[in-house]
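Report on one structure; see the data block that follows.
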Amino acid sequence: MSIFQSDIWKIGVIDAPLSDILKEGSLSSFHVHWLPETGSFRFLADPFGFWHKDILYCFAEYYDYRTRKGEIKAFSLDKNFRVIEQRTVLSEPWHLSYPYIIEDNGEIYMLPEGYKSGKLTLYRAKNFPWEWEKVPEFSFPCAAIDATPLYYDDRWWLFYAPPSPSFARTGELRIAYADHLLGQWQELAPYPFNKGKGNSRMGGTPLCLDGKVFLPTQNCLNTYGGNIQFISTSLPLTIHSKFENHTKITAPPHFKRFTNGIHTLSAAGNVTFLDAKYCAKNVLHRALIDLRYRCSK
């Protein structure tokens with residue numbers, strides 16, 4: 001995003017597992033059920049789905065350019081992927097996004113990105129999906145960006161980008177591990193496993209297939225969230241693991257104006273969530289909205 005444009009994202013759901021999309025190598029043949037758009041200079045992005053008591057829920061970043069701060073919204077969906085109910089379920093003084101949902105030992109957790117708070121915070125569901133509380137015993141060494149957990153081989157793994165230097169936020173992939181979700185977390189290596197804006201920042205759910213792990217990463221070379229670049233490496237993960245590029249997923253023409261980017265592909269059982277963007281260039285309109293909002297405060 002630049003001062004000359006605003007990225008506007010919307011969320012869709014595909015009635016197919018993420019593994020099918022990975023094998024197909026394209027979104028062109030998949031029908032997308034789009035969630036309603038949110039209005040001028042607002043958007044929904046970073047969708048993560050979760051099934052609970054046979055109901056499909058979607059958690060996403062809700063961003064308003066007038067307040068310049070993201071919050072987490074939850075949506076319950078019917079069998080046709082239409083919204084039944086929606087609420088803001090998490091709001092902090094800092095920006096929130098990337099609400100990754102985890103189930104562990106009978107509890108449901110959310111691990112959103114909130115690096116401007118200076119730390120990575122885990123939340124536990126008090127009343128799923130509408131009420132959440134902080135988990136004070138969770139501790140991670142840094143304010144990890146787009147932290148993406150994976151439980152594999154009796155251990156938790158966390159793929160993330162560090163908050164500094166600024167290049168690393170989209171240009172480094174690091175890996176940590178712990179025997180328990182709450183920690184203690186340790187870095188697998190003192191160096192990034194990938195470097196560069198094309199395939200380092202996480203963008204969805206890891207997949208373990210055929211003895212390999214496939215990670216959806218954001219390709220930010222030409223624009224933020226330009227497309228999803230899957231990378232893969234053999235399991236188990238070690239300090240010597242090397243990732244290589246696999247499938248690249250782009251926004252197809254049938255997304256119409258929302259073809260300028262895609263930066264999340266996440267699995268929820270046999271369905272897949274995604275986001276797609278277009279770049280709004282009406283800078284004057286945005287400035288007037290900003291001015292009107294600030295004058296009303």
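In table form, for the structure just shown:
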| item | result |
| --- | --- |
| Calculated P(r) tail over 31 Å for the chain, as whole % of Cα pairs | 24 percent |
| Rounded FRET efficiency, nearest 0.05, which uses the C-beta distance separating Ile239 from Lys195 and R0 of 25 Å | 0.95 |
| Segment 128-216 - Rg over Rh from alpha carbon coordinates, Kirkwood radius | 0.98 |
| Cα pair distances of segment 43-95 binned at 10 Å [whole percent] | 25, 51, 20, 4 |
| Rule-of-thumb Rg ratio for segment 202-268 [Cα; 2.2 N^0.38 Å; N residues] | 1.21 |
| Interchain or long-range residues, amide H under 5 Å from His263's placed H | Asp275 |
| Quarter of the Cα convex hull surface for segment 147-277, i.e. its orientation-mean projected area (nm²) | 8.5 nm² |
| Peptide ranges 253-263, 237-247 listed from the most packed, as the mean C-beta count within 10 angstrom indicates | 253-263, 237-247 |
| Segment 71-169 - convex hull of alpha carbons, volume per residue in Å³ | 137 Å³ |
| Normalised contact order of segment 125-200, rounded percent, pairs of Cα under 8 Å and 6 or more residues apart | 25 percent |
| Taking the C-alpha atoms of segment 106-160, convex hull volume expressed per residue in Å³ | 100 Å³ |
| Listed pairs Lys197/Lys248; Lys134/Lys248; Lys212/Lys256; Lys134/Lys195; Lys116/Lys242 exceeding 25 Å between Cα atoms | Lys134/Lys248; Lys212/Lys256; Lys134/Lys195; Lys116/Lys242 |
| At R0 = 51 Å, FRET efficiency that the Cβ-Cβ distance of Asp154 and Arg68 yields, to 0.05 | 0.75 |
| Contour minus Cα-Cα distance for Ser117 and Lys248 (0.36 nm per residue) | 43.9 nm |
| Debye, to nearest 20: dipole size of the chain, +1 on Lys, Arg Cβ, -1 on Asp, Glu Cβ | 1360 debye |
| Most mobile listed residue (Ile108, Ile21, Ile84) in the chain, GNM with C-alpha springs under 10 Å | Ile84 |
| Along each principal axis, Cα extent of segment 66-117, largest first, Å | 36, 35, 13 |
| Top of Asn219, Asn127, Asn194 by mean-square fluctuation, Gaussian network on the chain, Cα under 10 Å | Asn127 |
| Computed over segment 1-149, Kirkwood Rh from alpha-carbon pairs, angstrom | 16.5 Å |
| Where the Cα pairs of segment 1-85 fall when distances are cut into 5 Å bins, in % | 3, 12, 21, 21, 18, 14, 8, 2, 0 |
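Values quoted throughout were computed directly from the atomic coordinates according to the rules given, and no laboratory measurement underlies them. Computed from a prediction, not measured in an experiment: that's the story for all the values here. Every residue, glycine among them, receives a Cβ derived from its backbone with ideal geometry; neighbour counts consider all protein chains shown.
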